[in-house]
Amino acid sequence: MERDKWEVEFSWVKAHAEQRGNELADRLAKEATSSKNIEECYNRIRKSTVTSDLEEQCLKQWQNEWEKTTKGAITKSFFPNIEDRLKVRINPTPNLTAIVTGHGNIKTYLHKFKIIENPKCSATTETKRWTILYTAANFKNRRGKEYKQH
């Protein structure tokens, strides 16, 4: 069409108003969107460009929904930006998941469901840090021994 210097104009046409060619165009458009056997008919945009544009749009939409939702406040405090989070390689463990989501066998969570009376830890901040680090190191050592035995 471009080679033959066609001029194409798009305009709105009321559906099912017996406009000449409109019913045929509607049927062909529906066939084209539902058929998996139609070859790609574009040649000016590389597939990688389309993929990249779609990924960018998806990230924007995901970030927008992430900012709007009232859920996941604790997780949002760790990961406020979706794109930045996806750049970081994280090995999700049960402990990390419990900390980042606020779910799991932690005092505030257990208190929320009335399993324990007090949500606060009796230890000082320094003791808490030491306990977490000691537990993590101890767990790593035990895990290492278990793997060596097998």
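The values are calculated or read from the model by the stated rules, or taken from the named source; none is laboratory data. Everything quoted here is computed from the prediction, not taken from an experiment. Because the Cβ atoms are built from the backbone with ideal geometry, glycine has one as well, and the counts that use them run over all protein chains shown.
Given the structure, is Ser48 surrounded by fewer than 10 Cβ atoms within 10 Å (Cβ to Cβ), among the polar types (S, T, N, Q) and modelled with pLDDT of 80 or more?
Yes; evaluated as a whole, the condition is true for this residue.
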- Task: Quick one: in the range 55-80, of everything that is among the aliphatic types (A, V, I, L, M) and modelled with pLDDT under 90, which residue is farthest from Thr101 (Cα to Cα)?
- Result: Ala73
- Message: Looking at the structure I just gave you, is Leu59 out of contact with any strand residue (DSSP E or B) (no Cβ under 8 Å at 6 or more places or on another chain) and closer than 30 Å to Ala32 by Cβ?
- Response: yes
